[in-house]
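Quick notes on the structure that follows.
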Amino acid sequence: MNAKKLFWILLLLNLLNYIDRQVLYSVFPLLQQDLKLTDLQLGSLASAFMLVYMCCAPLIGFWADRAPRQKLVSASAFVWSAATLLCAAAGNYAGLLAARSFIGVGEAGFTTIAQPFLAEQYPAQKRATVLALFGLALPLGSALGYLLGGMAGQRWGWQAAFLLAGAPGFVLAFLAWTQLQDSAHRHIPAANRPAWRDYRTLLTDKPFLWICLAHAMITFVQGGFSAWMPTYFHRYFDFTVAQAGTVFGAIVVICGAAGTFLGGKLADRLLAKTPKAYFITIFAGILLMLPCAGAALYAPNGTLGVLFISLAVLCIFLPMGPVAAALVALSKPSVRSMAFAFNIFIIHALGDALSPVLIGRASDAWGLKTALLLGCATLLPGLLFTALAARKAAPSN
């Protein structure tokens, strides 16, 4: 099928994917006031989503390596959109927890399939840039989620934020069903389907495992900041709920998008000079983020806090395109959906399935500033894992 059509449909779906995922965080203060929730309960709403998301990913990845992927993309979008609408209907903590969990089912299906589906349409020398452009949906969608949640929640209540986020997904699910084609997976002979030994080979590949672990450390910090930074602005800088969502949303959309795009372009340019290009870019992003985050959390006022958080967000998004391109390079086409599924499981099991609830628990005990500082410390092993992946990766990768 036409690569541009595939790109735009998947990009729009990915954008909505992150809007629906992140809209929750801007309405944390409203949920806390209305439903009388603790910080631990708020954090568990994010963690429950991630637990379901990461557990469903390998099951869907196994299926996606054997079936036409366009139908799975469409069904996934329908499920997560319906579950987002159910969040608006929830009247208590248990109802919200259940609805958030079902969002995880739908989004696991989409994320497992979309990146390998897209990567197969482009040559290696363009992949980091294309996957970085696709990855722009993370900062853009997250920002729109914060903006939508903060503004709609402040004006009409938190239920309206979920309704506005969930409704467009049904239109995109229909477009995916009718417009996408997957000729590569239409009829796969049994002899060409991946065997269990192929998956064992993937899981014992050290560079693949190291880069997944490095990605997990990045995801831990991204998840913690996504969940708690609007609340940090609200508590420490006296921003209103709408202001906190708007400011952090603007930071993520501008700096996150810039970091994602720059990381992809830099990696593709470096690839002409060294096969370690993806790993170098990932390492640089992690290393630069640490001092910026520390300066932001110790900032004496909101102006400096916003400035340094902006720099931290730009740096932590630099690895996004290179990580995806590295996963493609380190996996065979026959197991690529499962490779991304394994990565999803690892990064969320050790990353943002844990960080919102752990930071929430630490915040209840020691305050949110200390909790976020402790969260940033997980980037230190991320540097080590990236270096190990670069050292072990074969030159051809």
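The values are calculated or read from the model by the stated rules, or taken from the named source; none is laboratory data. The shown structure was predicted, so the numbers you read here are calculated from the model rather than taken from an experiment. FYI the Cβ positions are ideal-geometry reconstructions off the backbone, even for glycines, and counts take in every protein chain you see.
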Report task. Being touching a helix residue (DSSP H, G or I) at 6+ places or on another chain (Cβ under 7 Å) and not in a helix (DSSP H, G or I) is the filter here, so list the residues in segment 79-113 that pass it. Result -> ALA90, ASN92
Query raised in the report: Could you say whether any residue in segment 37-55 is within 24 Å of HIS234 (Cα to Cα) and outside any helix (DSSP H, G or I)?
Result: yes
Requested in this report: Only residues that are over 20 Å from ALA277 (Cβ atoms) and without any contact (Cβ under 8 Å) to a residue 60 or more places away in the chain: list them for segment 103-127, please.
Outcome: GLY104, VAL105, GLY106, GLY109
Query raised in the report: Does PHE62 meet the test of being in contact with a Ser or Thr (Cβ under 9 Å, 6 or more places away or on another chain), surrounded by fewer than 24 Cβ atoms within 10 Å (Cβ to Cβ) and not hydroxyl-bearing (Ser, Thr, Tyr)?
Result: yes
**Report entry** Condition check for ALA143: more than 30 Å from ARG269 (Cα to Cα) and aliphatic (A, V, I, L, M)
**Finding:** no
Query raised in the report: Would you pick out the residues in segment 262-307 that are assigned to a helix (DSSP H, G or I) and free of Cβ contacts under 8 Å to residues at least 24 places away in the same chain?
Result: ARG269, LEU270, PRO291, CYS292, ALA295, ALA296, THR303, LEU304, LEU307
Report summary line: Of the residues in segment 37-49 that are hydrophobic (A, V, I, L, M, F, W, C) and either buried (at least 21 other Cβ atoms within 10 Å of the Cβ) or over 14 Å from ALA94 (Cβ atoms) (or both), the one that is farthest from the chain's Cα centre (by Cα) is LEU40
**Report entry** Output for segment 292-324, where each listed residue is buried (at least 19 other Cβ atoms within 10 Å of the Cβ) and farther than 16 Å from ILE251 by Cα
**Finding:** PRO319, MET320, GLY321, PRO322, VAL323, ALA324
Requested in this report: Would you be able to say whether some residue in segment 358-376 is in contact (Cβ under 8 Å) with a residue 40 or more places away in the chain and part of a loop (DSSP other than H, G, I, E, B)?
Outcome: no
**Report entry** Output for segment 56-110, where each listed residue is over 16 Å from the mean Cα position of the chain (by Cα) and acidic (Asp, Glu)
**Finding:** ASP65
Query raised in the report: What residue, among those in segment 345-397 that are crowded, with 16+ Cβ neighbours inside 10 Å and of a type in the set (Phe, Trp, Tyr), is modelled with the lowest pLDDT?
Result: PHE345
**Report entry** Residue in segment 100-109 that is farthest from ARG66 (Cα to Cα), counting only those that are among the hydrophobic types (A, V, I, L, M, F, W, C) and crowded, with 24+ Cβ neighbours inside 10 Å
**Finding:** ILE103
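Quick one: is ASP34 surrounded by fewer than 17 Cβ atoms within 10 Å (Cβ to Cβ), in contact (Cβ under 8 Å) with a residue 40 or more places away in the chain, out of contact with any strand residue (DSSP E or B) (no Cβ under 6 Å at 6 or more places or on another chain) and part of a helix (DSSP H, G or I)?
So ASP34 passes the test.
Check ALA161, ALA176 and return the single one that is of a type in the set (A, V, I, L, M, F, W, C), part of a helix (DSSP H, G or I), over 15 Å from TRP8 (Cβ atoms) and at pLDDT 85 or above.
Working: ALA176 fails: over 15 Å from TRP8 (Cβ atoms).
ALA161 is the lone residue from the list that is of a type in the set (A, V, I, L, M, F, W, C), part of a helix (DSSP H, G or I), over 15 Å from TRP8 (Cβ atoms) and at pLDDT 85 or above.
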Report summary line: The one condition VAL52 fails out of (1) surrounded by fewer than 24 Cβ atoms within 10 Å (Cβ to Cβ); (2) touching a residue at least 60 places away in the same chain (Cβ under 8 Å); (3) in contact with a Gly (Cβ under 9 Å, 6 or more places away or on another chain) is (2)
Report task. Among the numbered conditions (1) at pLDDT below 85; (2) touching an Asp or Glu at 6+ places or on another chain (Cβ under 7 Å), tell me where THR84 comes up short. Result -> (1)
Query raised in the report: Only one of these conditions is not met by LEU10: (1) buried (at least 21 other Cβ atoms within 10 Å of the Cβ); (2) among the aliphatic types (A, V, I, L, M); (3) modelled with pLDDT under 85. Which number is it?
Result: (3)
